[in-house]
Amino acid sequence: MPEHFPALDAEEIGPEPALLGEEERATFGSGCFWCTEAVFLQLQGVKKVESGYSGGWVKNPTYRQVCSGTTGHAEVVHITYDPKQIRYAELLEVFWRSHDPTTKNRQGNDVGPQYRSVIFYHNDRQKQLAERYKQKLDAAGVFPAPIVTEIVPFEEFFVAEDYHQNYFANNPNQGYCRVIISPKVHKIREIFRDKLKTD
């Protein structure tokens, strides 16, 4: 990851909407949802992170169906957050920094459309911020190739099976957790020290 990683500035973010509630939603796909969940659970202001599936055409898909790559779903995290503690623009920065958004339908050895980089926006403001940030990163040449992240409207979220929830915390000694997830979590903890939960 390049040392220079721009954030959206105040002018680019614009004024926060006056009607923001105590809870807002964000939905991101950035490869295996075990990794993405572990990253976002660390952040102050994030109240809940659920692993699941979005973007497909099959109702209530199973993990096996999604892994077949034939349902159209991406593995995603559905985040409930307090916008007074953490802004959507900050969640976007964590999203961009925690995976490779330049590889289509792939994150490392995880290959298939279910592992695509995708932002499911819940309102026009989220869409505008996501598109603005993507353009800024491409213009700055932050990544060695163009960003292929999809930015599409949120339609439906299906929660994954129970054993996928809080996977990293529940399986810290599992090989994938030690080799793949743990380094990602450590990297985000180093970068976003001031945004981490204290408990």
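Out of PHE5, PHE40, report the one residue that is in contact (Cβ under 8 Å) with a residue 60 or more places away in the chain, in contact with a helix residue (DSSP H, G or I) (Cβ under 8 Å, 6 or more places away or on another chain), over 17 Å from ASP162 (Cα atoms) and not small (Gly, Ala, Ser).
Exactly one residue qualifies, and that residue is PHE5.
Got a sec? Which helices (runs of 4 or more DSSP H) wholly within the stretch 48-152 have at least 2 residues that are among the hydrophobic types (A, V, I, L, M, F, W, C), at pLDDT 95 or above and closer than 24 Å to VAL179 by Cα?
Those helices (runs of 4 or more DSSP H) span 88-97.
Could you give me the residue pairs with C-beta distances under 7 Å whose first residue belongs to the stretch 150-179 and is within 21 Å of ASN105 (Cα to Cα), whose second residue is exposed (fewer than 11 other Cβ atoms within 10 Å of the Cβ) wherever it lies, and which are 6+ apart or on separate chains?
These pairs meet every condition: PHE158/ASN60.
Looking only at residues that are within 20 Å of ALA160 (Cβ to Cβ) and among the charged types (D, E, K, R) in the stretch 107-130, which one is surrounded by the fewest Cβ atoms within 10 Å (Cβ to Cβ)?
ASP110
Looking at the stretch 5-44, which of its residues are part of a loop (DSSP other than H, G, I, E, B) and buried (at least 17 other Cβ atoms within 10 Å of the Cβ)?
Across the stretch 5-44, the qualifying residues are LEU8, GLY31, CYS32, LEU41.
Identify the residue in the stretch 159-186 that is out of contact with any helix residue (DSSP H, G or I) (no Cβ under 9 Å at 6 or more places or on another chain) and among the hydrophobic types (A, V, I, L, M, F, W, C) and, among all such residues, is modelled with the highest pLDDT.
The extreme case among them is VAL159.
From the list VAL148, VAL66, pick out the single residue that is buried (at least 16 other Cβ atoms within 10 Å of the Cβ) and touching an Asp or Glu at 6+ places or on another chain (Cβ under 9 Å).
VAL66
Taking the stretch 1-47 as the search range and keeping residues that are in contact with an Asp or Glu (Cβ under 7 Å, 6 or more places away or on another chain) and of a type outside the set (A, V, I, L, M), which one is modelled with the lowest pLDDT?
GLU22
Keeping to the stretch 107-142, report how many residues are more than 17 Å from HIS78 (Cα to Cα) and touching a residue at least 60 places away in the same chain (Cβ under 8 Å).
Selection size over the stretch 107-142: 11.
Residues are listed down the side, and each one gets a yes or a no for (1) in contact with a helix residue (DSSP H, G or I) (Cβ under 7 Å, 6 or more places away or on another chain); (2) polar (S, T, N, Q); (3) within 20 Å of THR149 (Cβ to Cβ):
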{"site": "GLU12", "(1), (2), (3)": "yes, no, yes"}
{"site": "PRO15", "(1), (2), (3)": "no, no, no"}
{"site": "PHE28", "(1), (2), (3)": "yes, no, yes"}
{"site": "GLY31", "(1), (2), (3)": "yes, no, yes"}
{"site": "LYS47", "(1), (2), (3)": "no, no, no"}
{"site": "SER51", "(1), (2), (3)": "yes, yes, yes"}
{"site": "ALA74", "(1), (2), (3)": "yes, no, yes"}
{"site": "LYS84", "(1), (2), (3)": "no, no, no"}
{"site": "ARG106", "(1), (2), (3)": "yes, no, yes"}
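The values are calculated or read from the model by the stated rules, or taken from the named source; none is laboratory data. Here the structure is a predicted model, which is why all the values come from computation and not from measurement. Positions of Cβ are generated from backbone atoms using ideal geometry, with glycine treated the same way; all protein chains shown enter the neighbour counts.
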